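The values are calculated or read from the model by the stated rules, or taken from the named source; none is laboratory data. These figures come from a predicted structure and were not determined experimentally. Positions of Cβ are generated from backbone atoms using ideal geometry, with glycine treated the same way; all protein chains shown enter the neighbour counts.
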Amino acid sequence: MSEGTLYDKVWDRHKVTTLPTGQDQLFVGLHLIHEVTSPQAFGMLRERDLEVAYPELTHATVDHIIPTADQSRPYDEDAAEEMMSELEENVREAGIEFSDPNSGDQGIVHVVGPEQGLTQPGKTIVCGDSHTSTHGAFGALAFGIGTSQIRDVLATGTLAFEKQKVRKIEVEGELGDGVEAKDVILEIIRRLGTEGGVGYVYEYAGSAIEDLGMEGRMSICNMSIEGGARAGYVNPDETTYEWLEETDYFQENPEKFEELKPYWESIRSDDDAEYDDVVTIDADELEPVVTWGTTPGQGIGITEPIPEPESLPADKQDTARRAQEHMRVEPGETMEGYNIDVAFLGSCTNARLPDLRRAARIVEGREVHDDVRALVVPGSQRVQKTAEEEGLKEIFEEAGFEWRNAGCSMCLGMNEDQLEGDEACASSSNRNFVGRQGSKDGRTVLMNPRMVAAAAITGEVTDVRELPEAEVTAQ
Amino acid sequence: MSGTDDVEIPEVDYVSGSGVPIRGNDIDTDQIIPARFMKVVTFDGLGEFAFFDLRFDEDDDQKDHPFNEERFQDSSVMVVNSNFGCGSSREHAPQALMRWGIDAIIGESFAEIFAGNCLALGIPTVTADNETIQALQDWVDENPDGELEIDVETETVSYGSETIDVTVDDAQRKALVDGVWDTTALMKSNAGAVRDTARELPYVESEAIPEAE
């Protein structure tokens, strides 16, 4: 008899009890914390005279506020320094391991967990950050929580949670040249809507997902929340195990790898598992997707026209009109040729090594357009170091990109990296909300990293598939 | 170390107050509280920054927004449209709204993390269909001092001469009505069962599991 989906199995293994509210109390296998959403939770613990129950299953890093240019302490900005100091104090007091900037392991929390082997199949993983869904790429059940819930997890090692439905999204076929994982998830959100996933967890499956490396799977799971799904996951397979074997944790504990593999295999969704919904997407049909509006669901293929608001469902029309006004785009036109002022290569969606490698191949031997400010912000210090060793930093810098230190940076503009005025940004990040990148008049166009590289070169939204012969400006 | 016993958790079975309509779908938490106001280590004082960029222009002059209108200054029930609170998980968003004066939200639909954060603060997020919500928003606009009564237990909202059916998620309703929406003490009381669950998980090393108190 079927034991169900990965979601069912991981849930059952972590369920402590059913609470009087009907919610389940779930054990948390890994709690990741950072400087923005945790200080208030530690404050609540102090108020209640409580201690951290499972410090060894908790891991901290600093990412949201950290400057990516000058990281010498104290930070230029007092508020950033205060938040960092508070985190340092909290982790020291509680005995929580901290991937701080001096460790060489610091980075965006959703890059750090996977690269150290903390993220593993069959774990429940939470963090006070909505992009925690990223870790689902390893077959973990991972989701974002708020600060009061962080308090609960710190104090009890558990979380009160309601079970959701599971929608299987099968992406079958092969992605074409220039089409990436990012385009798959932007297409999914565009089709199912920004709230289509509310009440669901997404299971990504199908040959196009299986063909992806872990980084691509992370990009997809990362943006589950932009489609309303609090969590998304991919069943673990050989690709997952190959990644895990190389991580610190399993390099240091090789016996654990063999010991845990049967567990990882056991939590894969059964072939005859039942799903609450199944959606199929043809990978061969996809092209690079870019957003034209101010929600991640307002996307189109690069050769497609921007929709007339009237052609959309009634409840989407107002939002579309306002978005088109903000973005200054015309329905009927494509996004190609849309002027770009800033190119941002970074974020927990697309700042891992393969993302930077692919973008570097586009950039190599070319120059950033005179009117464009372009920056690369590696996802972690380790990504940064390897990229530098591989010569990627040189390629980007020679082309005119700024090469920064690791952090969330311009994805949400909590540090100095922000859009100014009504600048338009070609961005490899995950949210194009009004004001998201630090300026309320700023305009964000979401796209895959190679498309960002192409836009940096041409100064406008460009179909990267058309670029290779078109714009070589240097040796 | 059993300090949680002295935390008083009120029952939230009924909320009343005048309303404030916030129209539009997909209002994300970056709109509710822009990231630059999150560079703080407490939630105190966030109220004045609720919807800041929608309320003020670059010269800090007021723009048209219900939160700026004199007639809505005493409102405590927000009436919103669909997918309210999408995006970032920041609890700063409901914290800012609560500190501005919001005690309950009625809407077409809510993003999950946002609704969970509201519950953790004892703020009901109740839903009704598009037509019902629009009618309610119009009524609130015309009756800024009019009283809205949300009965969480019976899942109804009364205003003027109307009583409408709304939906409250089952777990949310039980948590609010029974006063168990702050789950820390409740879950801490199961610490033994938590350790048992941890011991059964192959990836949890025994050293990571605390001794019984």
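Taking only pairs six or more apart or across chains, which ones have beta-carbon atoms under 7 Å, a first residue in region A:436-449 that is of a type in the set (Asp, Glu), and a second residue that is modelled with pLDDT of 95 or more?
From region A:436-449, the pairs are A:ASP441/A:GLY421; A:ASP441/A:ASP422.
Out of curiosity, is B:ALA175 at the interface with chain A (Cβ under 8 Å from one of its Cβ atoms), at pLDDT 95 or above, surrounded by 20 or more Cβ atoms within 10 Å (Cβ to Cβ) and under 19 Å from B:CYS118 (Cα atoms)?
On the way: at the interface with chain A (Cβ under 8 Å from one of its Cβ atoms): yes; at pLDDT 95 or above: yes; surrounded by 20 or more Cβ atoms within 10 Å (Cβ to Cβ): yes; under 19 Å from B:CYS118 (Cα atoms): yes.
Yes: the conditions hold for B:ALA175.
Looking at region B:79-98 only, could you name the residues that are closer than 22 Å to B:ASP151 by Cα, away from chain A (no Cβ under 11 Å) and under 11 Å from the mean Cα position of the chain (by Cα)? So that I can check it myself, show each step before the final result.
Initially, region B:79-98 is screened for residues closer than 22 Å to B:ASP151 by Cα, giving B:79-82, B:84, B:94, B:97-98.
Now narrow it down to the ones that are away from chain A (no Cβ under 11 Å): B:79-80, B:97-98.
If the condition is that a residue be closer than 22 Å to B:ASP151 by Cα, away from chain A (no Cβ under 11 Å) and under 11 Å from the mean Cα position of the chain (by Cα), then B:LEU97, B:MET98 are the ones that fit.
Report every pair of residues separated by at least 6 positions or lying on different chains whose Cβ atoms are under 7 Å apart, first residue within region A:250-272 and closer than 12 Å to A:GLY139 by Cα and more than 12 Å from chain B (Cβ to nearest Cβ), second modelled with pLDDT of 95 or more and part of a helix (DSSP H, G or I).
What qualifies is A:ARG268/A:LEU6; A:SER269/A:LEU6.
Check A:CYS408 against each of (1) modelled with pLDDT of 95 or more; (2) within 12 Å of chain B (Cβ to nearest Cβ); (3) more than 20 Å from A:ILE108 (Cα to Cα) and name the one condition it does not meet.
(3)
Taking the residues in region B:178-188 that are over 20 Å from A:PRO55 (Cβ atoms) and not hydrophobic (A, V, I, L, M, F, W, C) as candidates, determine which candidate is surrounded by the most Cβ atoms within 10 Å (Cβ to Cβ).
My answer is B:THR183.
Considering B:ASP44, B:ASP30, B:ASP59, which residue is in a loop (DSSP other than H, G, I, E, B), free of Cβ contacts under 8 Å to residues at least 60 places away in the same chain and within 12 Å of chain A (Cβ to nearest Cβ)?
B:ASP44
When residues of region A:285-307 are filtered for being touching a strand residue (DSSP E or B) at 6+ places or on another chain (Cβ under 6 Å) and charged (D, E, K, R), how many remain?
1
Give A:GLN23, A:GLN106 a once-over and let me know the one that is in contact (Cβ under 8 Å) with a residue 60 or more places away in the chain and facing another protein chain (nearest Cβ under 8 Å). Talk me through it step by step, then tell me what you get.
On the way: A:GLN106 fails: facing another protein chain (nearest Cβ under 8 Å).
None of the others qualify; the one that does is A:GLN23.
Return the residues of region A:308-367 that are among the β-branched types (Val, Ile, Thr), more than 29 Å from B:GLN134 (Cβ to Cβ) and either without any contact (Cβ under 8 Å) to a residue 60 or more places away in the chain or touching a strand residue (DSSP E or B) at 6+ places or on another chain (Cβ under 8 Å) (or both); say none if nothing qualifies. Working first, answer last.
Narrowing region A:308-367 to residues among the β-branched types (Val, Ile, Thr): A:319, A:329, A:334, A:340, A:342, A:349, A:362-363.
Now narrow it down to the ones that are more than 29 Å from B:GLN134 (Cβ to Cβ): A:334, A:340, A:342, A:349, A:362-363.
Answer for region A:308-367, where residues must be among the β-branched types (Val, Ile, Thr), more than 29 Å from B:GLN134 (Cβ to Cβ) and either without any contact (Cβ under 8 Å) to a residue 60 or more places away in the chain or touching a strand residue (DSSP E or B) at 6+ places or on another chain (Cβ under 8 Å) (or both): A:THR334, A:ILE340, A:VAL342.
Does region B:189-209 include one or more residues that are buried (at least 17 other Cβ atoms within 10 Å of the Cβ) and more than 9 Å from every other protein chain (Cβ to nearest Cβ)?
no
Which residues, counting only those in region A:45-69, are facing chain B (nearest Cβ under 8 Å) and either assigned to a strand (DSSP E or B) or touching a Lys or Arg at 6+ places or on another chain (Cβ under 7 Å) (or both)?
Correct list: A:ILE65 only.
From the residues in region B:124-133 that are out of contact with any Leu (no Cβ under 7 Å at 6 or more places or on another chain) and touching a residue at least 40 places away in the same chain (Cβ under 8 Å), which one is surrounded by the most Cβ atoms within 10 Å (Cβ to Cβ)? Break it down stepwise before answering.
Going residue by residue through region B:124-133, those that are out of contact with any Leu (no Cβ under 7 Å at 6 or more places or on another chain) are B:125-133.
Applying the additional criterion that residues be touching a residue at least 40 places away in the same chain (Cβ under 8 Å) yields B:125-127, B:130, B:133.
Details: B:THR125: 25, B:VAL126: 23, B:THR127: 21, B:ASN130: 14, B:ILE133: 23.
Per the criteria, the residue is B:THR125.
Enumerate the pairs (first residue in region A:383-396 and farther than 9 Å from A:LEU356 by Cβ and free of Cβ contacts under 8 Å to residues at least 60 places away in the same chain; second residue anywhere and in a helix (DSSP H, G or I) and β-branched (Val, Ile, Thr)) with beta-carbon separation below 7 Å, excluding pairs fewer than 6 apart on the same chain, so at least 6 apart or on different chains.
That search, which allows pairs on different chains as well, returns A:ILE395/A:VAL363.
Considering only region B:3-21, I want to know if a residue exists there that is within 14 Å of chain A (Cβ to nearest Cβ), within 29 Å of A:ASP78 (Cβ to Cβ) and either of a type in the set (D, E, K, R) or surrounded by fewer than 24 Cβ atoms within 10 Å (Cβ to Cβ) (or both).
Scanning region B:3-21, I find no residue that is within 14 Å of chain A (Cβ to nearest Cβ), within 29 Å of A:ASP78 (Cβ to Cβ) and either of a type in the set (D, E, K, R) or surrounded by fewer than 24 Cβ atoms within 10 Å (Cβ to Cβ) (or both), so the answer is no.
Among the residues of region B:137-145, is any part of a helix (DSSP H, G or I) and under 25 Å from A:PRO313 (Cα atoms)? Walk me through how you get there before you give the answer.
Narrowing region B:137-145 to residues part of a helix (DSSP H, G or I): B:137-142.
With the extra rule that they be under 25 Å from A:PRO313 (Cα atoms), the set shrinks to B:137-138.
Yes, region B:137-145 contains a residue that is part of a helix (DSSP H, G or I) and under 25 Å from A:PRO313 (Cα atoms).
Which of the residues spanning region A:70-84 are of a type in the set (Gly, Ala, Ser) and more than 9 Å from chain B (Cβ to nearest Cβ)? Spell out how you get there, then give the answer.
Step one: list which residues in region A:70-84 are of a type in the set (Gly, Ala, Ser), which gives A:72, A:79-80.
Answer for region A:70-84, where residues must be of a type in the set (Gly, Ala, Ser) and more than 9 Å from chain B (Cβ to nearest Cβ): just A:SER72.
Tell me the residue from A:GLN120, A:GLN106 that is within 19 Å of A:SER219 (Cα to Cα), more than 12 Å from the chain's Cα centre (by Cα), surrounded by 24 or more Cβ atoms within 10 Å (Cβ to Cβ) and not aromatic (Phe, Trp, Tyr), please. Walk me through how you get there before you give the answer.
Details: A:GLN106 fails: within 19 Å of A:SER219 (Cα to Cα).
Just a single option satisfies the conditions, and that option is A:GLN120.
Tell me, which residue of region A:127-150 that is assigned to a loop (DSSP other than H, G, I, E, B) and within 12 Å of A:VAL28 (Cβ to Cβ) is nearest to the other protein chains (Cβ to nearest Cβ)?
By that ranking, first place goes to A:ILE145.
Within region A:114-126, which residues are assigned to a helix (DSSP H, G or I), touching a helix residue (DSSP H, G or I) at 6+ places or on another chain (Cβ under 6 Å) and either of a type outside the set (D, E, K, R) or closer than 24 Å to A:GLY206 by Cβ (or both)? Break it down into steps so the answer makes sense when it comes.
In the first step, residues of region A:114-126 are kept if they are assigned to a helix (DSSP H, G or I); the result is A:114-116.
Within this subset, residues satisfying the condition of being touching a helix residue (DSSP H, G or I) at 6+ places or on another chain (Cβ under 6 Å) are A:115-116.
Across region A:114-126, the qualifying residue is only A:GLN116.
Looking at region A:270-293 only, could you name the residues that are closer than 30 Å to B:GLU131 by Cβ, out of contact with any helix residue (DSSP H, G or I) (no Cβ under 9 Å at 6 or more places or on another chain) and part of a strand (DSSP E or B)?
If the condition is that a residue be closer than 30 Å to B:GLU131 by Cβ, out of contact with any helix residue (DSSP H, G or I) (no Cβ under 9 Å at 6 or more places or on another chain) and part of a strand (DSSP E or B), then A:ASP277 is the only one that fits.
Regarding B:GLY179, is this residue on the phi > 0 side of the Ramachandran plot and under 26 Å from the mean Cα position of the chain (by Cα)?
Details: on the phi > 0 side of the Ramachandran plot: yes; under 26 Å from the mean Cα position of the chain (by Cα): yes.
When the stated conditions are applied, B:GLY179 passes them.
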